[in-house]
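Notes follow the structure.
The values are calculated or read from the model by the stated rules, or taken from the named source; none is laboratory data. Computed from a predicted structure; not experimentally measured. Every residue, glycine as well, gets a Cβ built from its backbone with ideal geometry; the counts of neighbours run over all protein chains shown.
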Amino acid sequence: MVTAEYAYSHDLEIAMVAQMALSSHLTLPDDLTGKTAGLALSPTARAVLAALDQQHALALLEIISASDVAGFSIPAFAAITSRWTPAELISVMLGVPSAATADTWPAVAAILQTQEKELPVLVGQYVFDHQTTFINDLQSYLTALASRFSATDFSSADAAAKSFKGHIETRLKTNDPLALAEDLMGKQFRNRGPYQRFYFVPTFFGPTIRLFGKQQTLFIHVPTQPLDQAAIVTAWKALADETRYQLIRLLDDNGPLRAVDLADQVGFSAPTISHHLDVLYRAGLVHIEPVGRAKYYSLNRARFRQLELVMQRLSEPKPRTR
């Protein structure tokens, strides 16, 4: 039986902050950089995470997503993997379920290659030999980060989460969970399961991220405030280019697409298209979904809805003041 539920907690938000701080593909908001400054993580653990990051793997969130997301707590993070083999841990972090049954690192490496995934030999063997040490390092990092947050840091998020919970639970009564997830992300998924369980997790600190294995976890960015002036200007600047607008139209009609697919249709080189897509991504106008070594781009329709509200407010006549 497929189940779906809403999940929100301060610990999930803190885990999102930790993932953003440890990933080169996510941007930590300026007002949160002080929370992570100076936090210790062993050089070996950083090397493992850096290798996973090269594969666009969000290791912390993948581990959490493979567990009881609604019941997640930072003190119990290490316990999630206590019964996993090293192969199961690597398969979860890289999103390659077929590697979970291997019993040696070379066997895992061979399976990863068939899925266009790879890790340096020393990194993979370290996880096999020192799984507990690696996980305990992550546990210590999360615990230290959590100690820097207080309830007041979540006051705005808690209020928005309460409203969002009602919205999700109402829609789950009549909507298929996968269709609801697609609507919330504003895109059609290439990976469609089947999934045993769906989690819908609002995040006020992080971006919208979809993770999937046996179950799907959708972290949905929910702004606690309307777009600020800088975000609005950045979005309009990104759109004020003929090539980027053409990419937006193509993604609207045919997405998700790879950069090379767009390059073929637009007539520019792949590096040029990748540059324009990066501008659109940084403006929050497109999503990126890694599939193997490829990256598929699609519109962030939620951001366009926010811009639509801006235009709506500007188009409404205002009473004149004397």
* Is the range 84-92 home to any residue that is closer than 18 Å to M16 by Cα and in contact with a helix residue (DSSP H, G or I) (Cβ under 9 Å, 6 or more places away or on another chain)? -> yes
* When the range 160-193 is examined, which residues are found to be farther than 13 Å from T217 by Cα, assigned to a helix (DSSP H, G or I) and of a type outside the set (D, E, K, R)? -> A160, A161, S163, F164, G166, H167, I168, T170, L172, A179
* Asked: Which of the residues belonging to the range 5-57 are of a type in the set (D, E) and either more than 28 Å from L178 (Cα to Cα) or outside any helix (DSSP H, G or I) (or both)?
  -> E5, D30, D31
* **Those residues of the range 105-131 which are polar (S, T, N, Q) and more than 13 Å from T44 (Cβ to Cβ), in sequence order** => Q113, T114, Q115
* Structure fact -> Taking first residues from the range 142-167 that are among the polar types (S, T, N, Q) and second residues anywhere that are part of a helix (DSSP H, G or I), the pairs with Cβ under 7 Å that are 6 or more apart or on different chains are T143/I74
* Would you pick out the residues in the range 204-221 that are more than 13 Å from I64 (Cβ to Cβ) and among the β-branched types (V, I, T)? -> T208, I220
* Could you check how many residues of the range 79-124 are in a helix (DSSP H, G or I), in contact (Cβ under 8 Å) with a residue 40 or more places away in the chain and under 16 Å from D53 (Cα atoms)? => 5
* Could you check, for the range 1-19, whether at least one of its residues is crowded, with 19+ Cβ neighbours inside 10 Å, touching a residue at least 24 places away in the same chain (Cβ under 8 Å) and polar (S, T, N, Q)? => yes
* Structure fact -> L60 passes all but one of the listed conditions (1) over 26 Å from L172 (Cβ atoms); (2) in contact with a Ser or Thr (Cβ under 7 Å, 6 or more places away or on another chain); the exception is number (2)
* To do: Considering (1) over 21 Å from the mean Cα position of the chain (by Cα); (2) surrounded by 21 or more Cβ atoms within 10 Å (Cβ to Cβ); (3) of a type in the set (A, V, I, L, M), say which one L41 fails and leave the rest.
  => (2)
* Structure fact -> By residue number, the members of the range 82-118 that are at pLDDT 95 or above, under 24 Å from the mean Cα position of the chain (by Cα) and among the polar types (S, T, N, Q) are S91
* Asked: Assuming T152 fulfils every condition listed in (1) surrounded by 13 or more Cβ atoms within 10 Å (Cβ to Cβ); (2) in a helix (DSSP H, G or I) apart from one, which condition is it?
  -> (1)
* Sole exception among (1) surrounded by 16 or more Cβ atoms within 10 Å (Cβ to Cβ); (2) part of a loop (DSSP other than H, G, I, E, B); (3) at pLDDT below 90 for Q225, by number -> (1)
* Test result for I220, closer than 19 Å to E62 by Cα and either over 21 Å from the mean Cα position of the chain (by Cα) or part of a strand (DSSP E or B) (or both) -> yes
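So, V127, is that one surrounded by 16 or more Cβ atoms within 10 Å (Cβ to Cβ), in a helix (DSSP H, G or I) and either among the aromatic types (F, W, Y) or in contact (Cβ under 8 Å) with a residue 60 or more places away in the chain (or both) or not?
Values: surrounded by 16 or more Cβ atoms within 10 Å (Cβ to Cβ): yes; in a helix (DSSP H, G or I): yes; either among the aromatic types (F, W, Y) or in contact (Cβ under 8 Å) with a residue 60 or more places away in the chain (or both): yes.
Here the answer is yes, as V127 does meet what is asked.
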* Structure fact -> Considering the range 58-72, residues that are assigned to a helix (DSSP H, G or I) and small (G, A, S), and then whichever is nearest to V17 (Cα to Cα), we arrive at A59
* Structure fact -> When restricted to A230, A235, the only residue surrounded by fewer than 16 Cβ atoms within 10 Å (Cβ to Cβ), at pLDDT 90 or above, over 20 Å from F189 (Cβ atoms) and out of contact with any Phe, Trp or Tyr (no Cβ under 6 Å at 6 or more places or on another chain) is A230
